[in-house]
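Note sheet for the following structure.
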Amino acid sequence: MSTTETRSTGGVSVTKQVSGKPRMTDKTRAEARLGWYLAGPAFVILVAVTGYPILQALYESLFSFRLTAPADREFIGLKNYGVILSDSLWWKALGNTAMITVVTVAVELVIGFALAMVMHKVLGWLRPIVRTAILIPYAVITVVSAYAWQYAFGLTTGFMNTVLGLGDYDVFAHKWSALAVICLSEIWKTTPFISLLLLAGLAQVPSDMTEAAKVDGATAWERLWKVTLPNMKASIMVALLFRALDAFRIFDNVYIMTNGAAGTETVSSLAYNQTISRLEIGLGSAVSVLLFVCVLAICFVAIKVFKVDLARARGEG
């Protein structure tokens, strides 16, 4: 943001651009102060609720601590992180998680945008019916959805092997087929979420810009790339960021379908197995802290890549 400043030197007026934030008026300061008074308590509670588990996990990760032997608790510094980062199981889990995140978010973005266009274009009495039908999968609880997909592909309970001609092939006994079903269940369940966010972005695209591009002879593809998508940049970033964070924390589907067997373990299931199944609180906390660091890295990359000023997108800049 820049402002113009004019100075008179020796009877000659000099005008120059001055970088910095615009000066706030008394009314703006009063509104900002009122906003902090109203939102402050909730903000403090939110920070405390989210910050305490993170700090507790960080603290526990510095100890060699097994829940069945509390007397043997010993401070070991960063050794737990060294153990995890030198273990191939961590890197396999991280690779599986990254693969699931990239594949599901990419497919969901394409399908979600197509569904958002359908919901945006359809008119009249058909609009609420179409929107409800598209959003139904997102209303299903993730655990229920995971069991449905497991039963559908199960050797004794499912019908998908017959439909796909797979015979006696056990989908969940092989890594890539199991991960494929896990990805499909994620895509089916959460694509409506992305389409809902993108629909909000489509509603913010100025119709006069689209009409002007059409009058200038732009094709539908050119209008999409040069008018629609640039004006949806903030919505696309929010949709990608939310879904990437959600996909990176995937746990329910993996736990129910394979429980990490056949090389399908993810970072969240690894943290669960260390903390809950093996009662290794120190190692499990270290995995959780590393998961948190990965989530922060995703947020940082998304904000840097898209370079979206959300305040300006809301018309506040």
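The values are calculated or read from the model by the stated rules, or taken from the named source; none is laboratory data. Just so you know, these numbers come straight off a predicted model, no measurement behind them. All Cβ positions, glycine included, derive from the backbone under ideal geometry; neighbour counts span all protein chains shown. Side chains included, ligands, DNA and RNA excluded: accessible areas come from the protein's heavy atoms. Shrake-Rupley method; radii C 1.70, N 1.55, O 1.52, S 1.80 Å.
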Tally the residues that are closer than 23 Å to residue 196 by Cα and over 16 Å from the mean Cα position of the chain (by Cα), restricting the search to the stretch 213-251.
-> 12
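Each row is one residue, and each column tells you yes or no for (1) surrounded by 15 or more Cβ atoms within 10 Å (Cβ to Cβ); (2) at negative phi; (3) modelled with pLDDT of 90 or more; (4) among the hydrophobic types (A, V, I, L, M, F, W, C).
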| residue | (1), (2), (3), (4) |
| --- | --- |
| 238 | yes, yes, no, yes |
| 266 | yes, yes, yes, no |
| 278 | no, yes, no, no |
| 281 | yes, yes, yes, yes |
| 284 | yes, yes, yes, no |
| 308 | yes, yes, no, yes |
Please give the number of the condition residue 193 fails out of (1) surrounded by 20 or more Cβ atoms within 10 Å (Cβ to Cβ); (2) in contact with an Asp or Glu (Cβ under 9 Å, 6 or more places away or on another chain).
-> (1)
Within the stretch 71-86, count every residue that is open to solvent by 40 Å² or more (accessible area, probe 1.4 Å) and part of a loop (DSSP other than H, G, I, E, B).
-> 3
Conditions (1) assigned to a loop (DSSP other than H, G, I, E, B); (2) at pLDDT 85 or above -> residue 188 fails only (1)
Counting only residues that are outside any helix (DSSP H, G or I) and modelled with pLDDT of 90 or more, which one in the stretch 240-257 is most open to solvent (accessible area, probe 1.4 Å)?
-> 251
Spot the failing condition for residue 129; the list is (1) hydrophobic (A, V, I, L, M, F, W, C); (2) open to solvent by less than 80 Å² (accessible area, probe 1.4 Å); (3) part of a helix (DSSP H, G or I), and only one is missed.
-> (2)
Going by the structure shown, is residue 95 outside any helix (DSSP H, G or I) and either over 25 Å from residue 148 (Cβ atoms) or of a type in the set (S, T, N, Q) (or both)?
-> no
Leading residue by the ranking (nearest to the chain's Cα centre (by Cα)) among those in the stretch 100-126 that are farther than 30 Å from residue 264 by Cβ and either modelled with pLDDT of 95 or more or open to solvent by 50 Å² or more (accessible area, probe 1.4 Å) (or both) | 117
Failed condition for residue 68, given (1) modelled with pLDDT of 85 or more; (2) assigned to a helix (DSSP H, G or I); (3) open to solvent by 90 Å² or more (accessible area, probe 1.4 Å) = (2)
What residue, among those in the stretch 169-188 that are small (Gly, Ala, Ser) and surrounded by fewer than 20 Cβ atoms within 10 Å (Cβ to Cβ), is farthest from the chain's Cα centre (by Cα)?
-> 173
Tally of residues being closer than 30 Å to residue 95 by Cα and surrounded by 19 or more Cβ atoms within 10 Å (Cβ to Cβ) across the stretch 199-235 = 1
